[in-house]
Structure formats: structure tokens, C-alpha cells
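K.L.:
What follows is a structure written as C-alpha cells; I'll ask about it next.
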Amino acid sequence: MVKLNRIHEIDKTLGRKVSDQALELFSIRINSAVQSIPDIQVLEPNEHFYCATLSSRTHGFVIQNGDAESIQHELTQLYKDLNQGINLGSMEIDPCIKVAYVLTPTPNQELHILLRHARVALDKVCESNIPIMAYSPEIDAYSERRLRLMSDLKYAIKEHHLQLYYQPLVQASTGKIIGAEALLRWPHDEYGIVMPDEFIEMAEQTDIIHALSLWVIRTGLKQLPIWQEQQLSLIHISEPTRLLSIS
């Protein structure tokens with residue numbers, strides 16, 4: 001999918017007639033430009049249309065074959081070709097386009113799923129500073145896995161289903177353990193070990209991050225008396241050091 005980001009700005013500044021003209025010129029440009037992509041599929045043979053208009057400022061097209069690297073290369077070139085100024089009389093307008101795509105592992109992938117994934121990637125790339133983005137489950141705030149994890153995380157904190165692993169910090173000059181890094185892990189019943197880079201981001205988007213932070217701190221502090229009984233002291237009065245680093 002390719003999105004013409006500035007069309008609303010053109011509409012509000014120069015009027016609907018000018019924005020419609022910009023859309024028409026851009027539609028002609030993209031339909032011509034995509035034809036140079038290997039294995040591009042014609043969507044309407046009688047009219048030689050290679051792009052579908054999905055909304056007032058979004059176009060879509062289909063590439064039949066190609067791996068991730070080759071498609072990324074082709075779309076990078078397409079971005080350069082399309083992101084040229086649009087001449088509207090005496091004025092040249094920067095289109096400010098964004099490109100998003102989804103790779104399907106099987107030709108039998110349902111079309112509505114592909115379209116949904118492509119739209120998710122398009123929303124994400126429009127929020128970013130990069131021009132092109134591929135869909136992945138990690139960016140999909142609406143994926144079934146993400147929704148399930150967000151629902152389960154609160155319960156996992158309450159029932160202490162999370163785990164902390166402690167990685168020692170060793171002073172190189174003496175070989176002495178001077179601290180510990182707390183590594184947070186979530187053994188999920190369905191998804192196995194869920195890493196913090198996935199669920200912490202979700203927690204930060206809600207109030208769950210506060211409960212999660214408290215759980216980590218309290219669990220880490222409970223470990224200190226155990227280490228002290230083992231005559232392993234991580235507290236140094238004369239030389240303050242990091243006690244716990246959470247990741």
C-alpha cells in the first residue's frame with residue numbers, strides 16, 4: 001500500500017478542486033511507476049490498471065513473487081520515483097508518501113487478512129520517521145496474541161506467574177560479585193517464555209506498568225535476605241553501586 005500523506009493539507013489549504021487534481025496526477029504516476037516492478041500483477045487488464053484505489057489517498061498493488069530483500073529493494077526505488085513533487089499549475093507540492101507491505105507465506109492466504117495486515121503496517125509507518133515498513137505481528141496492536149497477552153498480564157502479576165533471574169555483576173579487578181541484574185521473564189501457558197521487550201511495551205501503554213514495576217522491585221528486594229544468609233553482600237557503603245538492574 002502507498003499513502004499520499006499530505007492530501008488533507010492540500011485540500012484544506014488550496015481547496016477540493018486542487019486536491020482532486022493532485023490525487024488524479026498521483027494515481028497516474030503510481031500506476032505507471034509500479035509497472036517496472038518484476039511480477040507486478042495487473043488488476044484490470046482491459047484498463048491496464050495495476051493499482052487499486054483503496055481510499056481517497058491510499059493505493060494498493062500486488063506482487064506475485066519475490067523474497068523480502070528483493071521486494072524491499074523494489075519498494076525503495078518506487079518510493080524514490082513517487083516521492084517527487086506534484087506540479088499543480090505554478091506550484092509544486094511534495095506528496096510525502098509512505099509505503100507499507102505484507103508478505104504472505106502461502107498463496108492461499110485470505111485476502112481480507114492480507115489487507116488488514118497491510119493497513120496495520122501503513123498506520124505504523126505513518127507514525128514513524130521511516131518511509132517503508134513491513135507488517136510483523138510485533139507491530140500489530142490488534143493481533144490475537146497481543147490482545148491475549150494484555151489480558152493475561154494483570155493476572156500473571158497478581159498470581160506471581162512472572163519470574164526473575166539474577167545475572168551477577170562481577171568486578172573485574174577483584175572477581176567479586178558487586179551487584180545483580182534482574183532479568184524478567186514470563187512463562188505463559190500457551191505461548192511459552194514471553195520476553196520483556198514484548199510485554200513491557202504493552203504494559204507501558206496502560207496502568208499495568210505500575211503494578212509490574214512494583215512486582216519486580218518487591219520480588220528483587222525479597223531476594224536480598226536470601227543472599228545475606230548465604231553471606232553474599234551486594235551493599236557497599238563506601239562505594240555505592242547499582243543494586244538491581246531490571247531488563
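K.L.:
Considering only residues of region 45-75 that are among the hydroxyl-bearing types (Ser, Thr, Tyr) and surrounded by 13 or more Cβ atoms within 10 Å (Cβ to Cβ), which is farthest from Asn31 (Cα to Cα)? Explain how you work it out, then say what you get.
P.N.:
Kept after step one, since they are among the hydroxyl-bearing types (Ser, Thr, Tyr), are these residues of region 45-75: 50, 53, 55-56, 58, 70.
The next check asks that each one be surrounded by 13 or more Cβ atoms within 10 Å (Cβ to Cβ); those that pass are 50, 53, 58, 70.
On the way: Tyr50: 6, Thr53: 10, Thr58: 12, Ser70: 20 Å.
Among those that are among the hydroxyl-bearing types (Ser, Thr, Tyr) and surrounded by 13 or more Cβ atoms within 10 Å (Cβ to Cβ), it is Ser70.
K.L.:
Can I ask one more? State which residue is modelled with the highest pLDDT when the search covers only region 128-184 and only residues that are among the aromatic types (Phe, Trp, Tyr) and within 23 Å of the chain's Cα centre (by Cα).
P.N.:
Of all residues in region 128-184, those among the aromatic types (Phe, Trp, Tyr) come to 135, 142, 155, 165-166.
So of that shortlist, the ones also within 23 Å of the chain's Cα centre (by Cα) come out as 135, 142.
Values: Tyr135: 92, Tyr142: 71.
Looking at residues that are among the aromatic types (Phe, Trp, Tyr) and within 23 Å of the chain's Cα centre (by Cα), I get Tyr135.
K.L.:
Within region 131-229, considering only strands (runs of 3 or more DSSP E) that don't extend past its boundaries, which have at least 1 residues that are open to solvent by 80 Å² or more (accessible area, probe 1.4 Å) and in contact with a Pro (Cβ under 8 Å, 6 or more places away or on another chain)? Write out each step before concluding.
P.N.:
Values: elements: 132-134, 163-170, 177-188, 192-194.
Per the criteria, 192-194.
K.L.:
Moving on. Could you list all residues from region 33-48 that are in a loop (DSSP other than H, G, I, E, B), β-branched (Val, Ile, Thr) and either touching a residue at least 12 places away in the same chain (Cβ under 8 Å) or under 23 Å from Gln84 (Cα atoms) (or both)? Explain how you work it out, then say what you get.
P.N.:
From region 33-48, those in a loop (DSSP other than H, G, I, E, B) are 37-39, 41-43, 45-48; that's our starting set.
Applying the additional criterion that residues be β-branched (Val, Ile, Thr) yields 37, 42.
Answer for region 33-48, where residues must be in a loop (DSSP other than H, G, I, E, B), β-branched (Val, Ile, Thr) and either touching a residue at least 12 places away in the same chain (Cβ under 8 Å) or under 23 Å from Gln84 (Cα atoms) (or both): just Ile37.
K.L.:
Mind listing just one residue for me: the one in region 207-235 that is touching a residue at least 24 places away in the same chain (Cβ under 8 Å) and in contact with a helix residue (DSSP H, G or I) (Cβ under 7 Å, 6 or more places away or on another chain) and, of those, nearest to Ser143 (Cα to Cα)?
P.N.:
Selected residue: Ile208.
K.L.:
Does Glu110 fit the bill of being surrounded by fewer than 16 Cβ atoms within 10 Å (Cβ to Cβ), in contact (Cβ under 8 Å) with a residue 60 or more places away in the chain, of a type outside the set (Lys, Arg) and out of contact with any strand residue (DSSP E or B) (no Cβ under 9 Å at 6 or more places or on another chain)? Spell out the reasoning first.
P.N.:
On the way: surrounded by fewer than 16 Cβ atoms within 10 Å (Cβ to Cβ): yes; in contact (Cβ under 8 Å) with a residue 60 or more places away in the chain: no; of a type outside the set (Lys, Arg): yes; out of contact with any strand residue (DSSP E or B) (no Cβ under 9 Å at 6 or more places or on another chain): yes.
Criteria not met by Glu110.
K.L.:
Further, regarding this structure: Quick one: in region 1-28, which of the residues that are out of contact with any strand residue (DSSP E or B) (no Cβ under 8 Å at 6 or more places or on another chain) and touching a residue at least 12 places away in the same chain (Cβ under 8 Å) is most open to solvent (accessible area, probe 1.4 Å)? Before the answer, list the steps.
P.N.:
We begin by selecting, within region 1-28, every residue out of contact with any strand residue (DSSP E or B) (no Cβ under 8 Å at 6 or more places or on another chain); these are 7-9, 11-13, 15-17, 19-20, 24, 28.
Applying the additional criterion that residues be touching a residue at least 12 places away in the same chain (Cβ under 8 Å) yields 7-8, 19.
Numbers: Ile7: 9, His8: 89, Ser19: 4 Å².
In this case the residue turns out to be His8.
K.L.:
A further question follows. List pairs: first in region 77-97 and polar (S, T, N, Q), second surrounded by 13 or more Cβ atoms within 10 Å (Cβ to Cβ), Cβ under 6 Å, 6+ apart or cross-chain?
P.N.:
Short answer, once both residue conditions are applied: Asn83/Ile97.
The values are calculated or read from the model by the stated rules, or taken from the named source; none is laboratory data. From a predicted model like this one, the values you see are computed outputs, not experimental measurements. Positions of Cβ are generated from backbone atoms using ideal geometry, with glycine treated the same way; all protein chains shown enter the neighbour counts. Surface areas here come from the heavy atoms of the whole protein model, side chains and all, with no ligands, DNA or RNA. Shrake-Rupley method; radii C 1.70, N 1.55, O 1.52, S 1.80 Å.
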